[in-house]
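Please read the structure below before turning to the comments.
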Amino acid sequence: MRALLRLLVVCSLTVVTYPAIAQVPVFDPNGSSTDARVSGTDVCDSEQPYICNEERHLLRAETGEPNEMLSSLQFGFAGGRGCSVTAPRPVNSLQVVPVSRRWNECPNGTANRTYTLSTTALPGPDYGLNRLRICTDSDGKLQGAEARFFKLPQASRRASGQTVVTRQFERRDCTTWQSWSTCPSGQSASGLRIYTHTLNAGDVKGIRLVCRRVLASPAIQGR
């Protein structure tokens, strides 16, 4: 009897532990996207109306998957023209950036100067792009950009992180800061629409955020 009681006590004190469940931000796969207002202009050039095909210059992230937030942007210039925009994934930065997350019309695909607006080196939760505005020269062409990244729901990292992070670059010919392209509350940019002055030669004149609701999806801690 005493042996049975000791066995029952030991069993009652046994604690079963399971991996901690964390929350990681993902884009809502079931919701629809929202186009924010454009920073700069999306008006077609009268002599080249066909370049306004928005899908031609659309960068987009995957929905329902982790590590898809637009937490950094890279702008490339060649011959003074803004000719590439890239949105690397927040992790696995050494991997080739998917075609869906980059646009490049630089000569031979090579920019001779790049500017990076990034939050990936910061501790704490993942960040998502929420606001963007461009700076243009006297001809309305891209010469700078300012991005604001907001902390997203995530519990898998202990560092609190900053609530809002601002990154900016400004070239010498930057003369006019255009209005902000801003995602609605509860949404983050899942893509960019890029408008250009010329076909296949860059010269960005406007950028519009494509926004989508962000969800906190369960994930195993230590991903």
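Amide H contacts of GLY144 (H built 1.01 Å from N, in plane; Pro and chain starts excluded): CYS135, ARG171 sit under 5 Å, all sequence-distant by 5 or more or on other chains. If R0 equals 30 Å, the separation of the Cβ atoms of THR110 and GLU62 corresponds to a calculated FRET efficiency of about 0.65.
Rounded to whole numbers, the Karplus 3J(HN,Hα) couplings from phi for segment 69-85 are 5, 7, 9, 7, 9, 10, 10, x, 10, 9, x, x, 9, x, 10, 8, 9 Hz, using 6.51 cos²θ - 1.76 cosθ + 1.60 with θ = phi - 60°, and x at Gly and Pro. Computed from the Cβ-Cβ distance with R0 of 30 Å, the FRET efficiency linking VAL91 to SER138 stands at 0.15. Cβ crowding within 10 Å ranks LEU142, LEU122, LEU59, LEU215 as LEU122, LEU215, LEU59, LEU142, fewest other Cβ atoms first. Model label points for VAL164 and TRP177, set 7 angstrom from Cα along the Cα-to-Cβ axis, are 1.2 nm apart. Amide H contacts of THR196 (H built 1.01 Å from N, in plane; Pro and chain starts excluded): LYS205 sit under 5 Å, all sequence-distant by 5 or more or on other chains.
Quick note: the coordinates plus some simple rules give every number you see, no bench work behind them. All of these numbers come straight from a predicted model, not from anything done at the bench. Every residue, glycine as well, gets a Cβ built from its backbone with ideal geometry; the counts of neighbours run over all protein chains shown.
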